[in-house]
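Inspection log for the structure reproduced underneath, given as structure tokens.
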Amino acid sequence: MSRSLFVAALLAATACSAEPEASVPAGEQAATTTATAQPFGRTVIADFENPWAMTFLPDGRMLVTEKHGQLLLVAADGKSRVEIAKLPADFEGQGGLMDVVLAPDFARSKRVYLSWSSAEAGGKGVVLARGVLNDAKAGAETLDGIDIIFRATPLVPGAGHYSGRIAFSPDGRFIFFTNGERQKFDPAQDPKATLGKVLRLTLDGKPAPGNPLAAQGFHPAVWSYGHRNLLGIAFDSAGNLWEQEMGPKGGDELNLVLPGRNYGYPKVSNGDHYDGRPIPDHSPGDGFEAPKVWWTPVISPGGLMVYSGDMFPQWKGDAFIGGLSSKALVRVDLDGTEARKGDQWDMGARIREVEQAPDGSIYVLEDGGQGSQGRMIRLTPAR
């Protein structure tokens with residue numbers, strides 16, 4: 001599908017940074033915004049350069065990725081850090097070092113899974129890799145044996161919509177890995193491409209046996225399709241898989257991911273193309289899986305976390321989403337397989353990542369771009 005250079009440039013510039021629009025369309029539920037009396041206090045733990053993701057080790061230390069390729073091991077109090085790996089990420093546009101997640105058996109294996117954007121002879125794509133944390137000597141920790149175990153296909157030009165989020169199935173047997181449609185539209189519906197899909201892989205990065213669309217001629221790794229830019233994925237305590245993605249001009253989504261389902265992009269969306277061309281809205285009986293919650297004005301969703309801690313008991317089981325252009329922390333009420341909007345708190349900076357700490361506090365990472373400092377901030381109940 002051909003596009004003018006102007007449209008391509010406009011897509012790259014706006015697809016993940018569009019400012020919220022002025023009003024909520026009729027019929028859409030508005031989020032509750034609490035601007036002053038926020039229910040949490042904030043403590044700045046550390047500051048980073050273009051952070052993208054974080055995860056906690058069992059002892060409270062943290063792994064943090066920076067888009068330029070640095071993987072950092074950070075003390076629990078944030079006062080010291082060690083660069084344990086420098087990954088060959090292609091740092092251009094939305095590319096860079098992305099997600100970091102511990103293996104389900106990390107206590108035994110010390111394995112860490114990562115994603116980053118890779119530039120190769122045939123174009124660019126997101127890769128999934130893993131390594132082993134060697135922390136036997138304090139201050140000299142390293143990530144060893146780093147190996148790429150999966151590559152998105154096909155490789156394409158451009159530097160947008162890589163996605164690259166990682167989640168493990170509750171039984172620890174499978175990896176769910178998101179591949180964005182790379183601002184190319186059509187690959188999201190292409191059965192042979194992994195782009196615009198949620199994938200289910202083995203722990204070694206192979207297509208998982210029994211994936212629902214393989215017998216229909218799809219790439220054998222595909223779990224669901226018709227997605228755009230999938231920047232958050234997480235399981236709830238009941239084993240439901242939730243995914244959030246950026247819509248085009250409007251129509252950011254939170255989806256319940258079901259095996260074999262088509263989520264519609266670019267054939268349907270609750271937003272429109274950036275060049276003004278309309279996209280049909282989701283509608284009952286259209287054959288596509290509609291989002292459980294959607295946003296216009298956009299929130300530009302970053303990371304996704306389902307809360308399971310005790311520090312904020314009123315939010316147990318709820319989803320938390322980082323807002324980029326909205327500079328917000330967004331809470332969504334999850335009720336079984338249904339969802340509705342909760343709170344939207346002004347954070348004053350682009351929020352790229354949301355994580356739950358072992359003690360039940362909530363950590364957010366500022367994006368580090370467009371005026372955000374890149375800070376790590378701990379949220380605890382307001383006093």
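Does residue 160 meet the test of being open to solvent by less than 20 Å² (accessible area, probe 1.4 Å), at pLDDT 95 or above, outside any strand (DSSP E or B) and under 26 Å from residue 367 (Cα atoms)?
yes
For the condition free of Cβ contacts under 8 Å to residues at least 60 places away in the same chain, over 25 Å from residue 200 (Cβ atoms) and either of a type in the set (Asp, Glu) or open to solvent by less than 10 Å² (accessible area, probe 1.4 Å) (or both), what is the one hit in 324, 329? Working first, answer last.
Numbers: 324 fails: free of Cβ contacts under 8 Å to residues at least 60 places away in the same chain.
Just a single option satisfies the conditions, and that option is 329.
Please verify whether residue 193 is in contact (Cβ under 8 Å) with a residue 40 or more places away in the chain, open to solvent by less than 50 Å² (accessible area, probe 1.4 Å) and in a helix (DSSP H, G or I), treating the condition exactly as stated.
In short, no.
What is the number of the single condition among (1) in contact (Cβ under 8 Å) with a residue 24 or more places away in the chain; (2) surrounded by fewer than 19 Cβ atoms within 10 Å (Cβ to Cβ) that residue 264 does not meet?
Answer for residue 264: the failing condition is (2).
Exactly one condition in (1) at pLDDT below 95; (2) more than 18 Å from the chain's Cα centre (by Cα) is false for residue 368; which is it?
Answer for residue 368: the failing condition is (2).
Yes or no: region 65-72 includes at least one residue that is among the β-branched types (Val, Ile, Thr), open to solvent by 20 Å² or more (accessible area, probe 1.4 Å) and out of contact with any helix residue (DSSP H, G or I) (no Cβ under 9 Å at 6 or more places or on another chain).
no
Is it the case that residue 333 is of a type in the set (D, E, K, R), modelled with pLDDT of 95 or more and assigned to a loop (DSSP other than H, G, I, E, B)?
Here the answer is no, as residue 333 does not meet what is asked.
If a residue has to be part of a loop (DSSP other than H, G, I, E, B) and closer than 22 Å to residue 253 by Cα to count, how many in region 349-383 make the cut?
3
Closer than 16 Å to residue 322 by Cβ, at pLDDT below 95 and hydroxyl-bearing (Ser, Thr, Tyr): which single residue out of 55, 33, 65 fits that description?
Going through 55, 33, 65 in turn, the sole match is 33.
Exactly one condition in (1) in contact with a Lys or Arg (Cβ under 9 Å, 6 or more places away or on another chain); (2) surrounded by fewer than 21 Cβ atoms within 10 Å (Cβ to Cβ); (3) not basic (Lys, Arg) is not met by residue 336; state its number.
Here residue 336 clears every test but (1).
From 205, 172, grab the single residue that is of a type outside the set (Val, Ile, Thr), touching a residue at least 24 places away in the same chain (Cβ under 8 Å), within 22 Å of residue 232 (Cβ to Cβ) and surrounded by fewer than 19 Cβ atoms within 10 Å (Cβ to Cβ).
Being of a type outside the set (Val, Ile, Thr), touching a residue at least 24 places away in the same chain (Cβ under 8 Å), within 22 Å of residue 232 (Cβ to Cβ) and surrounded by fewer than 19 Cβ atoms within 10 Å (Cβ to Cβ) holds for just one of 205, 172, which is 172.
Of everything in region 212-256, what is in contact (Cβ under 8 Å) with a residue 24 or more places away in the chain, open to solvent by 10 Å² or more (accessible area, probe 1.4 Å) and in a loop (DSSP other than H, G, I, E, B)? Give them in sequence order.
Of everything in region 212-256, those that are in contact (Cβ under 8 Å) with a residue 24 or more places away in the chain, open to solvent by 10 Å² or more (accessible area, probe 1.4 Å) and in a loop (DSSP other than H, G, I, E, B) turn out to be 212, 217, 218, 219, 236, 237, 238, 239, 240.
Which members of region 308-327 meet the condition of being more than 17 Å from residue 247 (Cα to Cα) and touching a strand residue (DSSP E or B) at 6+ places or on another chain (Cβ under 6 Å)?
Matches in region 308-327: 309, 317, 318, 319, 320.
The values are calculated or read from the model by the stated rules, or taken from the named source; none is laboratory data. Everything quoted here is computed from the prediction, not taken from an experiment. So basically every Cβ, Gly included, is an ideal-geometry build from the backbone, and we count neighbours across all protein chains shown. Side chains are part of the model used for accessible areas, which takes the heavy atoms of the whole protein and leaves out ligands, DNA and RNA. Shrake-Rupley method; radii C 1.70, N 1.55, O 1.52, S 1.80 Å.
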